[in-house]
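Engineer: Please read through the structure below; I'll follow up with questions.
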Amino acid sequence: LSALLSQLSDEMREVTHSLRPDLLDQLGLVASLKNLVSEFSSNNPQIKISELYDVDEQGQQELGSDIEVAVYRICQECLNNISKYAQAPVVIVRLEKKDSEVILNLGDQGIGFDPRASGDLKTRKHQGIGLIGIRERVADLGGTFNLSTEVGKGTFITVKLPLISRSANE
């Protein structure tokens with residue numbers, strides 16, 4: 001049973017990773033992120049957004065499909081979490097390409113949370129699943145994920161993904 005569950009989990013992860021938003025094909029990553037942030041802003045007019053996209057056209061072409069999808073979905077999940085929980089007056093979204101990696105920074109000046117409490121899925125019910133998914137997605141691509149949060153001081157994440165992911169090398 002354990003082996004079957006593990007196999008099912010792997011297959012579900014593959015299906016999830018393969019779901020590519022149409023916007024990425026139509027607009028590219030930066031324009032898709034701008035669209036995502038614009039929708040977030042429309043739904044949360046009380047939140048001020050600070051955006052910076054330091055990835056040119058050539059840099060976007062170097063990212064590859066798996067990284068584009070990961071960055072888009074991670075940004076989407078973080079904005080969703082901010083909308084639901086953060087009570088943030090300000091949100092920061094930064095995407096840059098440096099050398100051989102792409103770096104996504106997302107932060108808010110909201111209420112923050114105790115990360116030790118969010119790890120207890122039994123008491124927090126469905127909360128925390130998004131962060132677990134982000135960690136797994138980043139790990140699958142050979143990247144790093146850093147979460148910095150404190151109650152009353154907001155939340156900030158940094159995701160670094162190598163331009164050549166482990167999955168592309170396998």
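Engineer: Could you check S100 against (1) surrounded by 14 or more Cβ atoms within 10 Å (Cβ to Cβ); (2) in contact (Cβ under 8 Å) with a residue 60 or more places away in the chain; (3) of a type outside the set (D, E, K, R) and say which number it fails?
Structural biologist: S100 satisfies every listed condition except (1).
Engineer: For region 125-145: of the residues being assigned to a loop (DSSP other than H, G, I, E, B) and surrounded by 15 or more Cβ atoms within 10 Å (Cβ to Cβ), which is modelled with the lowest pLDDT?
Structural biologist: Q127
Engineer: Can you name the residue in region 52-75 that is of a type in the set (D, E), open to solvent by 40 Å² or more (accessible area, probe 1.4 Å) and closer than 22 Å to D22 by Cβ and, of all such residues, is modelled with the lowest pLDDT?
Structural biologist: The residue in question is E57.
Engineer: Take the residues of region 76-94 that are crowded, with 21+ Cβ neighbours inside 10 Å and over 11 Å from the mean Cα position of the chain (by Cα): which is nearest to I49 (Cα to Cα)?
Structural biologist: It comes out as V91.
Engineer: More than 16 Å from the chain's Cα centre (by Cα) and either more than 22 Å from L141 (Cβ to Cβ) or not in a helix (DSSP H, G or I) (or both): which single residue out of Q46, Q61 fits that description?
Structural biologist: Criteria check complete, one pass: Q46.
Engineer: Still on this model: Cβ-Cβ below 6 Å, separation at least six or inter-chain, first residue in region 135-148 and among the aromatic types (F, W, Y), second assigned to a helix (DSSP H, G or I): which pairs?
Structural biologist: Pairs that qualify, where the first residue is among the aromatic types (F, W, Y) and the partner is assigned to a helix (DSSP H, G or I), are F145/R135; F145/V138.
Engineer: Identify all residues within region 19-43 that are part of a helix (DSSP H, G or I) and open to solvent by 80 Å² or more (accessible area, probe 1.4 Å); write none if there are none.
Structural biologist: D22, D25, Q26, L27, K34, E39, S42, N43
The values are calculated or read from the model by the stated rules, or taken from the named source; none is laboratory data. For clarity, every value in this text was computed on a predicted model and none was experimentally measured. With ideal geometry, Cβ positions are generated from the backbone for all residues, glycine too; neighbour counts draw on all protein chains shown. These accessible areas exclude ligands, DNA and RNA; they are computed on the full protein's heavy atoms, side chains included. Shrake-Rupley method; radii C 1.70, N 1.55, O 1.52, S 1.80 Å.
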